[in-house]
Amino acid sequence: MQHPELSLAGKLDIGLSKGLCWLLGWSKTVSLWLIGLFMLASLPWTIFEYGEGLADLAPLEWLFMLLLALLLWRHIHYASHFALGFWHGLHRLLIAQGVMFVLGLVVLGAIAAVLQLDKHPEELLRLIPQEHPIDKIVTFGAVLLAIFLGVPRTPATQAPVPASVQTRVEPEITPLAKEASL
């Protein structure tokens, strides 16, 4: 079924919507990438919160660092197995961290909405600034889960190889072949 060609206004409208979708897609990717980078960069301040060096570490933090090292080794192993470059592997890791952070913000917003509906907003204000051991477990667990889920699972997509055009190849006749044919 043939579609009639769009008018100039229709082409401009389609082009504008494609351009805006492209811009929104890139802004989403860059935002998630930067959030993931921020999450990984803030880990040392979360682990070494008192500035006492290795004496500051609790058993939970030692376990976290061990699991973090193992999961990062797993991530690097799969990235090299599937022949992904450094930037593609880092991209997957940071996007997974960004998505996990945004998911945490959504859960926090849902809890705030439930407390607001329950007419107890002071309860939320009392809970947020408090340090609770569960907070660290949830934070470390979210980071580890994002690294676990961000592992490459398929090879990098290759650009399709264009089908070669069949051309007729003329044989090259050398002077020696010309003499032999006479």
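So if each residue of separation counts as 0.36 nm, and I subtract the Cα-Cα distance between Glu172 and Ala113, what length gain in nm does that give? So the chain would gain 13.1 nm between Glu172 and Ala113. Its convex hull of Cα atoms gives the stretch 1-63 a direction-averaged projected area, equal to a quarter of the hull surface, of 8.1 nm².
Surface exposure of the stretch 1-128, expressed per residue as accessible area with a 1.4 Å probe, stands at 75 Å². Each peptide in 28-40, 106-118 was scored by the mean count of other Cβ atoms within 10 Å over its residues; highest first, the order is 28-40, 106-118.
Taking each residue as 0.36 nm, the span from Thr154 to Asp56 lengthens on full extension beyond its C-alpha to C-alpha distance by 31.3 nm.
Shown for the stretch 12-123 is the translational diffusion coefficient from the Stokes-Einstein equation, using the Kirkwood radius over Cα pairs, a temperature of 10 °C and a viscosity of 1.306 mPa s: 91 µm²/s. Shown for the stretch 18-128: the carbon plus sulfur share of the solvent-accessible area, taken with all protein chains present and a 1.4 angstrom probe, equals 77%. Separation of the stretch 94-114 from the stretch 1-25 is 34 Å, based on Cα centroids. Taking the Cα centre of the stretch 49-149 as reference, the dipole from Cβ charges on Lys and Arg (+1) and Asp and Glu (-1) amounts to some 520 debye.
Per-peptide packing, taken as the mean over residues of other Cβ atoms within 10 Å, places 14-26, 133-145 in the sequence 133-145, 14-26 from highest down. On the basis of the beta-carbon distance and an R0 of 22 Å, Val30 and Phe86 show a calculated FRET efficiency of 0.75. Which is farthest toward the positive dipole end of the stretch 39-143 among Ala41, Leu72, Ile134, measuring Cα position about the Cα centre, with Cβ charges +1 (Lys, Arg) and -1 (Asp, Glu)? Of the options given, the answer is Leu72.
The values are calculated or read from the model by the stated rules, or taken from the named source; none is laboratory data. These numbers come from a predicted model, not from an experiment. Reconstructed Cβ throughout: ideal geometry from the backbone, glycine too, with neighbour counts over all protein chains shown. Quick note on the areas: whole protein, heavy atoms, side chains included, nothing else; ligands and nucleic acids left out. Shrake-Rupley method; radii C 1.70, N 1.55, O 1.52, S 1.80 Å.
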